[in-house]
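Just so you know, all these numbers are worked out from the coordinates, no wet-lab data involved. Here the structure is a predicted model, which is why all the values come from computation and not from measurement. Because the Cβ atoms are built from the backbone with ideal geometry, glycine has one as well, and the counts that use them run over all protein chains shown.
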Amino acid sequence: MLSKSQAKAFFLVGTALCAGSFLLLTVDTLKRIPVQTNAKNLTAQAIRGKHLFETNNCMGCHTILGEGAYYAPELTKVYERRGVAFISQMLRDPESMYPGQRKMVKYDFTDSEIDSLVVFFKWIGEMDLNGFPPKPDLMVSSGASGILEAKNRPIVFNQMCIACHSLQGQGGEVGPALDGVGSRRDPAFIRQWLLNPLAMKADSKMPKLPLTEGDIVELTAFLSQLKESQK
Amino acid sequence: MKYKSQKVAYWFFAACMLLLSLQVIYGFIMGFAHMGFDGLHSIIPFNTARATHTNLLVMWLLTGFMGAAYYIIPEEAERELVSVRLAYVQLIALLVVGVTAIIGFHFNWWEGRKFLEIPRPLDYLVVVDVLLFIYLIGATIWKGKRYTTTSMVLFFGLLMTALLYLPGMIPTDSQTMDSFWRWWVVHLWVEGVWELIMGAILSFLLIKQTGVDREVIEKWLYIIVGFTFLSGILGTGHHYYYIGTPKYWLMVGGVFSALEPLAFLAMAIYAIAMAKKGGRSPDNKTALHWTIGCSILSFVGAGFLGFAHTLPQVNMYTHGTLVTAMHGHMAFWGAYAMLVLAIISYSMPIMTGRKLQDTPMNMFAFWTSNIGMVAMTVAFGVAGIAQVYLERKLGLDFLGVQKEIEVHFFGLILAASLFTLGIIAFIWNFIRFGLPSDQR
């Protein structure tokens with residue numbers, strides 16, 4: 001059986017070998033990270049965004065690169081998922097985007113701070129993360145007509161509306177599902193509603209969204225053709 | 001108690017009890033928030049509760065390790081501590097820094113870096129405080145009558161813990177680099193050098209409680225810490241899968257972290273085998289329960305449940321979900337919390353001179369807290385797996401999924417209540433022992 005000095009040698013040699021390899025790999029990794037993370041896009045603005053992200057402990061609720069807490073959504077791909085307008089409005093006043101839902105602290109960021117955070121999220125979203133986050137591979141594919149395929153929807157619909165409303169079973173559960181909304185409401189109503197929900201229904205949970213005129217025209221046209229028969 | 005200065009440990013352990021109680025309270029705040037009861041949001045938002053909960057954990061474990069070292073080292077080195085007064089200074093300074101940090105968390109003063117939230121100016125104070133601690137322990141060993149393997153492994157573990165705090169302070173502008181260095185601290189602590197501390201404390205407890213020959217126990221100690229570093233150092237790679245680091249970490253991290261359970265398995269087999277081999281009936285059954293329990297639950301929590309989501313193919317889906325919380329709770333409880341509670345249970349009757357160790361209340365504390373923690377782990381596990389399936393596989397919306405799994409947090413809170421009952425019993429026993437006494 002092994003003697004104590006042999007056991008000691010096993011410990012010392014094993015540790016030295018592993019620590020040595022770890023240091024070599026670290027040196028190599030440090031060389032590769034700038035390429036893999038597009039360090040050239042890490043502008044002063046993005047760095048300021050990271051600083052804001054850190055000093056407000058955003059990681060205390062959210063995950064980013066899959067790291068952090070599990071109370072609020074993953075932010076790695078948030079730039080692609082929600083877009084600039086949504087993120088900016090959320091940072092300005094979280095309560096206005098998800099009224100009555102799980103709360104986020106209102107941080108009183110300035111507009112330039114919000115821009116920095118958005119640039120930071122954009123930089124994060126463009127990294128090569130070896131395939132993370134995974135694509136939901138069991139997602140129920142939207143069956144029927146091509147017009148409803150996710151890729152044919154207006155981008156602003158996929159970034160903003162879907163955060164609270166669902167269509168064909170995909171999306172948020174805060175507001176009512178939008179399937180068949182074109183049969184229930186006429187285009188004029190939809191347009192007015194998008195301009196300012198609170199003017200149409202004072203106790204509506206839906207906030208006045210940061211939409212451009214172009215967005216409203218596009219969304220009105222899209223929502224109006226979501227007829228009941230297509231359900 | 002062989003040496004009077006050993007009773008410094010009592011105050012470290014008392015601080016542990018206080019910090020642990022606070023940690024549990026903040027845990028409940030988060031559990032309720034997950035269920036939608038977030039009435040405290042305006043005073044204690046989730047990120048504050050979270051940083052407080054995890055930092056209190058790290059703080060009370062470190063305080064416990066320090067107390068353990070002050071208790072163990074005089075006995076191993078066969079001399080009094082070089083300075084009792086400085087040890088008290090060191091404890092008070094640590095608590096002041098810690099409490100300042102915790103209060104700071106409630107006023108948005110922190111670094112938002114998971115587990116290392118303590119603000120930078122306080123980091124330097126932590127380093128100074130730990131250096132003082134290392135000096136006190138190091139000098140006591142140096143001037144002592146003998147160097148034992150147990151005391152050397154313990155000292156090396158504590159020294160490396162102090163040194164590995166430093167990479168976390170390397171300034172960087174990149175989120176990826178930030179994470180990279182952060183894991184040097186967090187991973188190399190809990191899956192590296194803290195295991196040395198754990199191995200050393202376990203071997204001290206086993207030598208004292210089982211009567212097995214020191215040579216035999218210490219030989220196995222080398223093997224175990226050997227396995228720890230063989231797997232743990234390169235196992236750091238399991239944090240480098242998906243954060244913008246090269247792809248080879250999927251292979252390196254996958255292979256080596258898959259070996260990590262071996263060290264914990266060895267630790268469990270070793271503790272059980274030594275306890276059986278000793279064959280003498282222990283005069284502190286409670287302490288032996290915590291010692292053996294620690295070795296077993298560390299294997300289940302850190303070893304087995306860690307392995308359950310360490311492979312890159314699995315981790316791709318579980319990374320950044322409640323599955324991590326499931327593993328984290330039982331790993332920290334089994335490996336480190338139970339270890340500190342074991343040395344406390346062992347040393348209290350000796351330090352206070354009151355033989356209250358084997359009361360029914362002590363057994364109640366042991367079983368209730370452990371069953372509670374197992375149930376909590378199950379609740380987190382079910383919530384985590386449901387989240388992975390709904391969010392990562394089916395692509396449902398985050399908040400929608402959170403509503404679906406609220407019910408599991410109700411289960412979690414029930415389990416946590418049971419756990420808390422056990423902790424209250426433990427603290428009650430701690431108080432009943434009274435203050436340390438010089439009479440044997």
If packing is taken as the average number of other Cβ atoms within 10 Å across a peptide's residues, how do B:196-208, B:169-181 rank, most packed first?
B:196-208, B:169-181
Given axes a ≥ b ≥ c from the Cα gyration tensor, I'd like to know whether the protein assembly as shown is rounded (a/c under 1.5), prolate (a/b larger than b/c) or oblate.
prolate
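Take every residue in peptide B:222-235, count the Cβ atoms of other chains within 10 Å of its Cβ, and give the average of those counts. Provide the component values of the computation, followed by the final result.
On the way: counts 10, 8, 2, 6, 10, 3, 3, 9, 7, 2, 3, 9, 6, 2.
Mean partner-chain Cβ count within 10 Å for B:222-235: 6.
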Enter the Cα centre distance for the pair the range B:269-344 and the range B:95-120, rounded to the nearest angstrom.
28 Å
Could you tell me how many degrees, from 0 to 90 and to the nearest 10, lie between the Cα long axis of helix B:285-298 and the main elongation axis, the longest principal axis, of the Cα atoms of chain B?
40 degrees
Exactly which GluC sites (Glu not before Pro) in the range B:50-136 are in a DSSP loop and have at most 16 other Cβ atoms within 10 Å?
B:78, B:80
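Give, to the nearest whole percent, the P(r) tail of the range A:149-230 beyond 19 angstrom, counting all Cα pairs. List each step's numbers first, then the result.
Numbers: 1027 of 3321 pairs.
Considering the range A:149-230, 31 percent of its Cα-Cα pairs are separated by more than 19 Å.
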Relative to the longest principal axis of the C-alpha atoms of chain B, give the angle of the C-alpha long axis of helix B:248-278, reported between 0 and 90° and rounded to the nearest 10°.
40 degrees
Shielding score for B:252-258, defined as the mean number of other chain Cβ atoms within 10 Å
1
Contact order relative to length for the range A:149-230, counting C-alpha pairs under 8 Å separated by 6 or more residues, stands in percent at 32 percent
Measure up A:201/B:393; A:77/A:208; B:114/B:393; A:8/B:247; A:31/B:219; A:201/A:227 against 32 Å on the Cα-Cα distance and list the ones that go over.
A:201/B:393; A:8/B:247; A:31/B:219
Footprinting proxy, B:85, A:185: sorted fewest to most Cβ within 10 Å, the residues are B:85, A:185
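Return a whole-number percent for the relative contact order of chain B, with Cα pairs under 8 Å and 6 or more residues apart as the contact set. Display every interim value, and only then the final one.
On the way: 646 pairs, mean separation 64.5, N = 440.
Across chain B, relative contact order equals 15 percent.
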Treat the count of other C-beta atoms within 10 Å as a stand-in for reagent exposure and order B:46, B:307 from fewest to most.
B:307, B:46
In whole Hz, the Karplus estimates of ³J(HN,Hα) for the range A:211-217 (6.51, -1.76, 1.60; θ = phi - 60°; x where Gly or Pro) are 9, 7, 4, x, 4, 5, 4
Can you give the average number of partner chain beta-carbon atoms within 10 Å of each beta-carbon in peptide B:309-320, as a whole number?
3
Relative contact order (percent, whole number), the range A:37-125, Cα cutoff 8 Å, 6+ residue spacing:
39 percent
Per DSSP H run of at least 4 residues, take -39500 (n - 2.57); add these up for chain A, divide by its residues and hand me the 222 nm value, nearest 500 deg cm²/dmol.
-15000 deg cm²/dmol
Here the range B:55-67 yields Karplus 3J(HN,Hα) values (6.51, -1.76, 1.60; θ = phi - 60°; whole Hz; Gly and Pro given as x) of 6, 4, 4, 4, 5, 6, 5, 4, 4, x, 4, 5, x
Can you list the residues, at least 5 places off or on another chain, whose amide H is less than 5 Å from the amide H of residue A:74, using H built in the peptide plane?
A:63
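Checking the a/c ratio against 1.5 first, then a/b against b/c, what shape does the Cα gyration tensor give for the range B:102-252? Each step should come with its number before you reach the end.
Values: a/c = 2.72, a/b = 1.46, b/c = 1.86.
Note, shape of the range B:102-252 comes out oblate.
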With N residues in the range B:1-130, what two-decimal value do you get for its Cα radius of gyration over 2.2 N^0.38 Å?
1.21
Considering the options A:216, A:159, A:199, tell which one lies farthest towards the positive end of the dipole of the range A:149-230, charges being +1 on Lys and Arg and -1 on Asp and Glu at the Cβ, about the Cα centre.
A:199
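Rounded if a/c is under 1.5, else prolate if a/b is larger than b/c, else oblate: which is the range B:241-396, with a ≥ b ≥ c the root eigenvalues of its Cα gyration tensor? List each step's numbers first, then the result.
Numbers: a/c = 3.27, a/b = 1.98, b/c = 1.65.
Verdict is prolate for the range B:241-396.
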Nearest-ten-degree value, helix B:338-352 long axis tilted from longest Cα axis of chain B:
30 degrees
Scale the Cα Rg of the range B:194-312 by the rule-of-thumb value 2.2 N^0.38 Å and send over the ratio, two decimals.
1.20
